[in-house]
Amino acid sequence: MSSFRASVDLPPVVRSVPVARRLVVDLLATWGARQNRNDAALLVTELVSNVVDHVGGEASMTLELEMSDGWLRISVADGSSLRPVVRELDTGNPRGRGLRLVQAIAERWGSEDHQGGKRVWFDLAPAE
């Protein structure tokens, strides 16, 4: 089975969110990935939006994709060491549900230290 990797630096600004979505969908199609592309696009939107909302400014952001043995890992690395937190649902706040979506859809997810900042990642298994 083939392995593929891609990495792209994006500014942590709102206009990077749809760019990241399109990159993920296009790469998965090109690679012939068997993951649900809509799920991958939704989850990468959440990770990139979190960087835009909580880090932003002069920070860097790198979108990384790796497909190996049929599994897909997508990660977003940024310059902030502040780790993401899954929040309690608040019906009065329409925001703050992104990591719950990642938790519900991805087979696994997490965060790790990365070059003075962090990397947040999720894994998707191939669709049946």
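The values are calculated or read from the model by the stated rules, or taken from the named source; none is laboratory data. Note that the structure is predicted; figures quoted are calculated from it, not measured. Backbone-built Cβ (ideal geometry, glycine too); neighbour counts: all protein chains shown. Quick note on the areas: whole protein, heavy atoms, side chains included, nothing else; ligands and nucleic acids left out. Shrake-Rupley method; radii C 1.70, N 1.55, O 1.52, S 1.80 Å.
Table for the structure above
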read-out: For the range 64-81, Karplus couplings with θ = phi - 60° (6.51, -1.76, 1.60), whole Hz, Gly/Pro x; value: 10, 10, 9, 10, 8, 6, x, 8, 10, 10, 10, 9, 10, 9, 9, x, 9, 8
read-out: Rounded FRET efficiency, nearest 0.05, which uses the C-beta distance separating Ser81 from Arg15 and R0 of 22 Å; value: 0.30
read-out: Candidates Gln103, Gln115, Gln35: whichever shows maximal mean-square fluctuation once the chain is modelled as a Gaussian network with Cα springs under 10 Å; value: Gln115
read-out: Order of exposure, largest accessible area first, which applies to Ile105, Ile74 with probe 1.4 Å; value: Ile105, Ile74
read-out: Structure-derived Cα Rg over 2.2 N^0.38 Å: which label, when the choices are (i) 1.34; (ii) 1.10; (iii) 1.01; value: (iii)
read-out: Accessible-area value, Phe4, 1.4 Å probe, nucleic acids and ligands omitted, Å²; value: 70
read-out: Cα-centred dipole magnitude for the range 1-71, charges only on beta-carbon of K, R (+1) and D, E (-1), debye, nearest 20; value: 280
read-out: Rounded FRET efficiency, nearest 0.05, which uses the C-beta distance separating Ala127 from Ser60 and R0 of 41 Å; value: 0.80
read-out: Gaussian network model of the chain, springs between alpha carbon atoms under 10 Å - residue of Ser49, Ser75, Ser60 with greatest fluctuation; value: Ser60
read-out: Potential extension, Glu112-Phe4 segment - 0.36 nm per residue separation minus Cα distance; value: 36.7 nm
read-out: Accessible carbon and sulfur surface of the chain relative to its total accessible area, %, 1.4 Å; value: 48
read-out: Amide H contacts under 5 Å for His114, placed H, 5+ residues apart; value: Arg119
